[in-house]
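Q: Below you will find the structure I want to go over with you.
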Amino acid sequence: MNTTKRQDSFNDAFTKNFVSFALGFIINYINGMFVYTYFKSVVFRQDPRYVLYIHLVINDMIMLTVTVMLQILTYTVPLSFAPCCVIILISMTTNKNSPLNLAGMAVERYIAVCRPLHHSQLCTVQRAYALIALIWAVSFIPSISDVIILLLVQPLSVFTKNVICYPSFLYNTPYHETQSLVVQVLLFSFVFLTLIVTYMKVLYAARAVSSSNQASAKNAHNTILLHGVQLLICMLSYISPLINLILVTAWPHKRTIIIFTTFLFTNLLPRLLSPLIYGVRDQKLSSHFRVHFGCKGFKSRGKSRKRRVPEKH
């Protein structure tokens, strides 16, 4: 996305930044409403399922904010190596957090359906927070190792130079390419296998359980299936350079449009999936959401205001 900096006219640059900012603001606003709903209700903070969900939403909000900010900065302010490394470090760490969080949520749903008697012992709020800490550690290590490799192979004077703040431009040594390939293969193989195994077991359990629990099991395997779709969309951000290369080769005169469109569909819009998959489908969360932001909530607030206003004679 940043490689288009010097190839856009002022109008094109303004339009792209405005669209990115507007979409980012809208998506973060929607996600922020679910975060507000979560923290306003104690019942959600006592359920590890919702703890993992809200971590995914907050993580996506951080990633979206940093990504949009980076795009706008590259069009407006020259960035040197040091701040660029910090911004990309946050962006890459949060990007890796999403699939790992999805795997954790799938395992929690598997235990809830296939091991219901052990769910309260295995899935606790404390363990959910421990899993979140582990996710951040696993995602942070590859990201910080990119910076360490850069320190070892580049002179320190490079950190004072202005750069095009893009991962493939910043981390362009053979060591970075090898590490990136290994981490991506291991990370997504682990997450993909976790989703497949948990989905198949939950699907089998849904056929075997009694009719009273069948609705819960069916909802669980639908959720895990949607996690798989969400994972595939998350993977698009890693193959976006290849997508750009193929499309730009076919239509070189539309290079900036292609790169910007790919940026929207692989970085911005996928951040809207979390509230749609969980927030809208989950009855408990959606009911609390409507209380705070829905028509019923506004009507009840309006009635309470009317009661406080004295009648005029």
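The values are calculated or read from the model by the stated rules, or taken from the named source; none is laboratory data. Just so we're clear, the structure is a prediction, and the values are computed from it rather than from any experiment. Positions of Cβ are backbone-derived with ideal geometry, glycine not excepted, and every protein chain shown enters the neighbour counts. We work out accessible area using only protein heavy atoms, side chains counted, and drop any ligands, DNA or RNA first. Shrake-Rupley method; radii C 1.70, N 1.55, O 1.52, S 1.80 Å.
Q: GNM on the chain, C-alpha springs below 10 Å: top fluctuator among ASN59, ASN95, ASN219?
A: Greatest mean-square fluctuation among the candidates belongs to ASN219.
Q: Go through SER157, SER91, HIS119 and say which Cα lies farthest out towards the positive end of the charge dipole of the range 48-182; charges sit on Cβ, +1 for Lys and Arg, -1 for Asp and Glu.
A: Ranked along the dipole, the leading option is HIS119.
Q: Note the angle between two axes, namely the Cα long axis of helix 295-308 and the longest principal axis of the Cα atoms of the chain, as a number of degrees from 0 to 90, rounded to the nearest 10.
A: Compared with the principal axis, the helix lies near 70 degrees.
Q: Quick check on the chain: helices-only [θ] at 222 nm, where DSSP H runs of length 4 and up contribute -39,500 (n - 2.57) each and the sum goes over total residues. Nearest 500, please.
A: Working: 12 runs with 247 residues, N = 313.
That calculation yields -27500 deg cm²/dmol at 222 nm.
Q: Placing +1 at every Lys and Arg Cβ and -1 at every Asp and Glu Cβ, with all other atoms neutral, what dipole size does the chain have around its Cα centre, in debye to the nearest 20? Let's see the in-between values first.
A: On the way: 29 positive and 9 negative charges, 358 e Å.
Rounded to the nearest 20 debye, it is 1720 debye.
Q: Averaged per residue, what accessible surface does the chain expose to a 1.4 Å probe, in Å²? If you can, show how the numbers build up before the last one.
A: Details: 17180 Å² over 313 residues.
Result: 55 Å² of accessible area for each residue.
Q: Could I ask something else about it? Which is farthest toward the positive dipole end of the chain among PHE188, GLN46, LEU79, measuring Cα position about the Cα centre, with Cβ charges +1 (Lys, Arg) and -1 (Asp, Glu)?
A: It is GLN46.
Q: Moving to a separate point now. Could you work out what % of the accessible surface of the chain is carbon and sulfur, using a 1.4 angstrom probe and leaving DNA, RNA and ligands out of the count?
A: Values: 11930 of 17180 Å².
Carbon and sulfur: 69 percent of the exposed surface of the chain.
Q: Next up: Could you tell me the ratio Rg/Rh of the range 17-128? Both radii from Cα atoms, Rh via Kirkwood. Before the final figure, lay out each step's value.
A: Values: Rg = 17.4 Å, Rh = 16.0 Å.
Looking at the range 17-128, the ratio lands at 1.09.
Q: Please find, in a Gaussian network model of the chain (springs between Cα atoms separated by less than 10 Å), the residue of LEU273, LEU225, LEU247 whose mean-square fluctuation is greatest.
A: The residue with the greatest mean-square fluctuation here is LEU247.
Q: I would also like to ask the following. For the chain, what class follows from the C-alpha gyration tensor (a ≥ b ≥ c being the square roots of its eigenvalues): rounded when a/c is under 1.5, otherwise prolate if a/b is larger than b/c, else oblate? Don't skip to the answer; put the middle values down first.
A: Details: a/c = 2.05, a/b = 1.34, b/c = 1.53.
Note, shape of the chain comes out oblate.
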